Amino acid sequence: MRPVNRNRNRNTRTYTDYRAARNDLSTSIGWYCSYCEMPVKNMIEIEHVIPVNRGGKEISWRNFLLSCKYCNTVKSNHNASRSGYLWPDTDNTFLAFHYQYGTAITYHSKLTSNAILKNMAISTIRLFGLDREPGTNPPPTPADTRWISRNDVWNIAYESLTDLKESPSSATLKRQIAKTAAATGHFSIWMEVFKYEPSMRQLFIENFTGTHQRSFDKQGHPQPRQQGQL
């Protein structure tokens, strides 16, 4: 899950309708679901981190993230607060989850020794149904195409890696791959496929709008987020 950074200059902006914040928020963190990382250009939804009917502020920049229809529907109002979960606007959520082709998203093995963070990661996966794949319980609904989107991007990313290995010194190709990644979404998949290509990882961090860049070092390796739980 990509850690994001809202534009602090918009924190004090006043909205009379939370839906009016959509374009500002998308400009700040990109047209991606903040949770499953799927690109969403049509019908992206403002997601209240703390649900309004559980006490969350309806019109608050700090309570807004972007969500696809599926993540927003699965999450619904199941969390009464931020407590017990990991959030892409406050934590380095890239450290929390493991992405592997052909398998469901799981918590990262590095969290095994920390029961609190491990349970937070598991709770976050369940809150959004991020691990729903054919054969899992519960499975994705017929309308839930998140797993299809992920599989498509895995294939594109691996093909792009093959292209890079054939022309490893081509700066033009590297820029084009980074643009392809930004257009197809799923930041964590691209970072996993190119985990041994630090220059590409840095390009992904730069090209995905709103990525919290301080959550990564100059080699593209994740590092704890200041004041975050992770």
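Find the residue count for region 51-71, including only residues that are over 16 Å from the mean Cα position of the chain (by Cα) and either acidic (Asp, Glu) or assigned to a helix (DSSP H, G or I) (or both). Reasoning before the result, please.
Of region 51-71, the ones over 16 Å from the mean Cα position of the chain (by Cα) are 51-63.
Restricting the remaining residues to those that are either acidic (Asp, Glu) or assigned to a helix (DSSP H, G or I) (or both) gives 52-54, 58, 61-63.
Counting residues in region 51-71 that are over 16 Å from the mean Cα position of the chain (by Cα) and either acidic (Asp, Glu) or assigned to a helix (DSSP H, G or I) (or both) gives 7.
Do you know which of the residues in region 210-219 that are at pLDDT 95 or above and out of contact with any strand residue (DSSP E or B) (no Cβ under 8 Å at 6 or more places or on another chain) is least open to solvent (accessible area, probe 1.4 Å)? Before you say what the answer is, go through the steps one by one.
Here is the first cut: in region 210-219, the ones at pLDDT 95 or above are 210-217.
Filter again for out of contact with any strand residue (DSSP E or B) (no Cβ under 8 Å at 6 or more places or on another chain), leaving 213-214, 217.
Numbers: GLN213: 99, ARG214: 184, ASP217: 53 Å².
Going through the qualifying residues, I end up with ASP217.
In this structure, is LEU117 crowded, with 20+ Cβ neighbours inside 10 Å and of a type in the set (A, V, I, L, M, F, W, C)?
Details: crowded, with 20+ Cβ neighbours inside 10 Å: yes; of a type in the set (A, V, I, L, M, F, W, C): yes.
Yes; evaluated as a whole, the condition is true for this residue.
With the structure loaded, tell me whether LYS110 is basic (Lys, Arg) and either surrounded by fewer than 16 Cβ atoms within 10 Å (Cβ to Cβ) or touching a Lys or Arg at 6+ places or on another chain (Cβ under 9 Å) (or both) or whether it fails that test. Write out each step before concluding.
Working: basic (Lys, Arg): yes; either surrounded by fewer than 16 Cβ atoms within 10 Å (Cβ to Cβ) or touching a Lys or Arg at 6+ places or on another chain (Cβ under 9 Å) (or both): yes.
In short, yes.
For SER28, are the conditions met, namely being in a loop (DSSP other than H, G, I, E, B) and of a type outside the set (Lys, Arg)? Before the answer, list the steps.
Numbers: in a loop (DSSP other than H, G, I, E, B): no; of a type outside the set (Lys, Arg): yes.
So SER28 fails the test.
Quick check on LEU203: is it at pLDDT 95 or above, farther than 22 Å from VAL4 by Cβ, part of a helix (DSSP H, G or I) and open to solvent by less than 70 Å² (accessible area, probe 1.4 Å)?
Working: at pLDDT 95 or above: yes; farther than 22 Å from VAL4 by Cβ: no; part of a helix (DSSP H, G or I): yes; open to solvent by less than 70 Å² (accessible area, probe 1.4 Å): yes.
No.
Exactly one condition in (1) touching a residue at least 12 places away in the same chain (Cβ under 8 Å); (2) more than 18 Å from PHE97 (Cβ to Cβ); (3) of a type in the set (Lys, Arg) is false for LYS165; which is it?
It fails just one condition, (1).
Inside region 152-199, can you point out the residues that are part of a loop (DSSP other than H, G, I, E, B), over 27 Å from LEU130 (Cβ atoms) and of a type outside the set (Gly, Ala, Ser)? Talk me through it step by step, then tell me what you get.
Start the filter on region 152-199 by keeping residues that are part of a loop (DSSP other than H, G, I, E, B), which leaves 167-170, 185-186, 194-197.
Among the residues that remain, those that are also over 27 Å from LEU130 (Cβ atoms) are: 167-170.
Passing the criteria: only PRO168.
Please tell me if SER123 is closer than 30 Å to LYS179 by Cβ and not in a loop (DSSP other than H, G, I, E, B).
Numbers: closer than 30 Å to LYS179 by Cβ: no; not in a loop (DSSP other than H, G, I, E, B): yes.
So SER123 does not fit the description; no.
Which members of region 206-230 meet the condition of being assigned to a helix (DSSP H, G or I) and touching a Phe, Trp or Tyr at 6+ places or on another chain (Cβ under 7 Å)? Before you say what the answer is, go through the steps one by one.
Filtering region 206-230 for residues assigned to a helix (DSSP H, G or I) gives 206-207, 213-215.
Matches in region 206-230: SER215 only.
Name the residues in region 61-87 that are under 25 Å from THR14 (Cα atoms) and surrounded by 23 or more Cβ atoms within 10 Å (Cβ to Cβ), would you?
If the condition is that a residue be under 25 Å from THR14 (Cα atoms) and surrounded by 23 or more Cβ atoms within 10 Å (Cβ to Cβ), then PHE64, LEU66, SER67, CYS68 are the ones that fit.
Let me spell it out: the conditions are (1) of a type in the set (A, V, I, L, M); (2) outside any helix (DSSP H, G or I); (3) touching a residue at least 60 places away in the same chain (Cβ under 8 Å), and LEU117 meets all of them except one. Which number is the exception?
Result: LEU117 passes all but (2).
State yes or no: is LYS195 over 17 Å from THR103 (Cα atoms), among the charged types (D, E, K, R) and modelled with pLDDT under 95?
Details: over 17 Å from THR103 (Cα atoms): yes; among the charged types (D, E, K, R): yes; modelled with pLDDT under 95: no.
So LYS195 does not fit the description; no.
Got at least one residue in region 129-143 being in a helix (DSSP H, G or I), open to solvent by 40 Å² or more (accessible area, probe 1.4 Å), more than 17 Å from ARG2 (Cβ to Cβ) and not charged (D, E, K, R)?
To start, the set of residues in region 129-143 that are in a helix (DSSP H, G or I) comprises none.
Within region 129-143, none of the residues are in a helix (DSSP H, G or I), open to solvent by 40 Å² or more (accessible area, probe 1.4 Å), more than 17 Å from ARG2 (Cβ to Cβ) and not charged (D, E, K, R).
Examine region 78-94 for a residue that is β-branched (Val, Ile, Thr), farther than 22 Å from PHE204 by Cβ, at pLDDT 95 or above and not in a loop (DSSP other than H, G, I, E, B), and state whether such a residue exists. Steps first, answer last, please.
At the first step, the residues of region 78-94 found to be β-branched (Val, Ile, Thr) are 90, 93.
If we keep only those that are farther than 22 Å from PHE204 by Cβ as well, we get none.
Within region 78-94, none of the residues are β-branched (Val, Ile, Thr), farther than 22 Å from PHE204 by Cβ, at pLDDT 95 or above and not in a loop (DSSP other than H, G, I, E, B).
The values are calculated or read from the model by the stated rules, or taken from the named source; none is laboratory data. What you see is a predicted model; the values in this text were computed from it and never measured. Heads up, the Cβs are rebuilt from the backbone with ideal geometry, glycines too, and the neighbour counts pull from every protein chain shown. Note: areas computed on protein heavy atoms with side chains; ligands, DNA, RNA excluded. Shrake-Rupley method; radii C 1.70, N 1.55, O 1.52, S 1.80 Å.
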